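Right, one structure below, let's go through it.
The values are calculated or read from the model by the stated rules, or taken from the named source; none is laboratory data. All values derive from a computational prediction rather than experimental measurement. No Cβ is skipped: glycine too gets one built from the backbone with ideal geometry, and neighbour counts run over all protein chains shown. These accessible areas exclude ligands, DNA and RNA; they are computed on the full protein's heavy atoms, side chains included. Shrake-Rupley method; radii C 1.70, N 1.55, O 1.52, S 1.80 Å.
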Amino acid sequence: MWPVKAASLPAEVTFGGVTIKRTEHDCAWKISNSVKLPVTSGHTRMLFHYDVNGDGIDDVFVGPNLDYPSPPAAPYPRTITLLLSRLDGSALSYQPTNCVLAEPLVDGTYALRDLDGDGVSDFVISVNTGFRVVMNRPTGPELTVTYDFPMVSRPRLSLRSVVLGAFEQNSNSELAVGFMRIDDFASTHSGVLLFRDPTHASAQSPISLVSSDQKGNGFDVSANPQLGIFTALPGARALFGASTHDTWIYQNGQRTNTAGGVHLGIGDAPYMGGANYLDLISVGGHDRVFATVGDKAYAFDPQDPKQYLEIPLAFAEYTVTLLVDVDGDGDLDLMDTQSAMTPSIGIHNGDLVNGPATESVQFTPSRYRAPSSDTPFLAIGAAKGRLLVSDADQADVLGFPLSVSALGCGP
């Protein structure tokens with residue numbers, strides 16, 4: 001799992017008939033036809049991705065098909081296999097390997113974060129019953145956190161925000177993890193847990209920063225106000241989070257609610273309570289909180305929220321957003337995905353001075369199914385969004401296989 005030092009990438013990489021150039025920025029993006037990855041019929045979900053073999057391109061770690069209502073019992077273990085990127089000159093392909101990851105790396109939902117500052121991604125994993133933290137050491141993976149929720153029945157756990165910082169009164173690093181859990185399709189639980197020492201193995205119990213519960217499957221969000229989403233404020237000494245009704249700040253070991261949310265502007269201007277995405281972005285040399293609420297995105301200073309940037313999203317509902325440097329030019333672009341019916345994607349080109357553009361380039365990938373990983377994109381060097389992954393449909397893995405499409409520059 002310990003990566004080889006990355007070599008220099010060629011100036012151009014070709015995948016699926018599309019040439020990807022490192023000099024292409026702020027393009028009118030066009031999506032290529034999808035290329036099926038060489039996986040077995042039993043392993044069709046991308047769990048996570050990063051560059052292991054040192055060619056500067058993300059490799060793909062693939063998990064088994066989802067099994068409802070619970071994973072299969074032994075002797076059918078849920079293993080993780082590896083697909084390696086391969087460059088033949090400038091031609092890129094993915095090759096199967098005989099590499100099967102063993103515990104403590106387990107099937108689940110992964111968030112990759114550098115928890116100990118060594119420049120290599122570590123693993124925050126949600127399994128159905130709780131969370132695992134696995135440090136990526138030169139000597140091999142080390143399990144440091146094992147936490148299972150008490151009293152759960154047929155749980156389904158979703159990972160939300162994952163942020164590292166120093167949010168207590170000292171400067172020690174803590175790991176904040178947001179979640180939503182559905183038990184037996186009868187009750188829903190959501191909130192934020194704080195792990196005080198995630199990089200060292202210990203029998204630790206997390207601190208619950210916020211939590212809420214409801215009967216039912218979670219569709220009535222007004223009955224379960226905590227969303228499990230948050231971001232670190234500049235300096236990573238405070239967390240800024242949102243519920244359906246207000247926002248909160250956790251700093252120096254104390255949580256403060258802001259009744260009604262951080263309001264933007266005056267009158268009937270939107271507020272951050274009810275946000276569905278929170279992150280940080282630099283605009284004009286200043287760190288800003290970035291949030292999406294309904295059909296708009298905002299970048300604002302939490303100390304002076306009346307001064308804000310407003311961006312209309314490409315799609316008005318069923319929207320999933322993500323900040324990612326698609327083209328590797330050093331600014332964050334805004335990806336806006338309509339997740340219902342026929343999935344479509346809009347990309348707002350970023351700008352270090354003005355933030356993401358109000359207009360977006362839109363396209364509709366063929367048979368697209370968003371993976372559960374941190375980002376659906378595989379990185380090619382600094383370009384974090386030129387290869388788009390589509391997960392297999394568990395009901396039709398032959399017609400809707402695990403595949404990758406390239407983003408190319410249009411006219």
ask   = Restricting to segment 138-176, what's the tally of residues that are under 17 Å from Val127 (Cβ atoms), hydroxyl-bearing (Ser, Thr, Tyr) and open to solvent by 20 Å² or more (accessible area, probe 1.4 Å)?
value = 4
task = For Leu159, indicate whether it is outside any loop (DSSP other than H, G, I, E, B), within 29 Å of Pro64 (Cβ to Cβ) and at pLDDT 95 or above.
result = no
request  = Identify the residue in segment 308-335 that is small (Gly, Ala, Ser) and surrounded by 15 or more Cβ atoms within 10 Å (Cβ to Cβ) and, among all such residues, is modelled with the highest pLDDT.
outcome  = Gly328
note = Reported set for segment 191-213 where residues are under 16 Å from Pro150 (Cβ atoms) and not in a loop (DSSP other than H, G, I, E, B) is Gly191, Leu193, Ile207, Ser208, Ser211, Asp213
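Residues are listed down the side, and each one gets a yes or a no for (1) modelled with pLDDT of 85 or more; (2) open to solvent by 40 Å² or more (accessible area, probe 1.4 Å):
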residue: Asp183; (1), (2): no, no
residue: His189; (1), (2): yes, no
residue: Gly218; (1), (2): no, no
residue: Pro234; (1), (2): yes, yes
request  = Tell me which residues, restricted to segment 270-307, are of a type in the set (A, V, I, L, M, F, W, C) and either more than 26 Å from Phe179 (Cβ to Cβ) or modelled with pLDDT of 85 or more (or both).
outcome  = Leu278, Leu280, Ile281, Val283, Val289, Phe290, Ala291, Val293, Ala297, Ala299, Phe300
query = Where in segment 76-142 are there strands (runs of 3 or more DSSP E), lying fully within it, with 1 or more residues that are free of Cβ contacts under 8 Å to residues at least 24 places away in the same chain?
reply = 80-88, 91-101, 122-127
query = Which residues, taken from segment 336-378, are under 20 Å from Val35 (Cα atoms), open to solvent by less than 70 Å² (accessible area, probe 1.4 Å) and in contact with an Asp or Glu (Cβ under 8 Å, 6 or more places away or on another chain)?
reply = Ile345, Ala370, Pro371, Ser372, Leu378
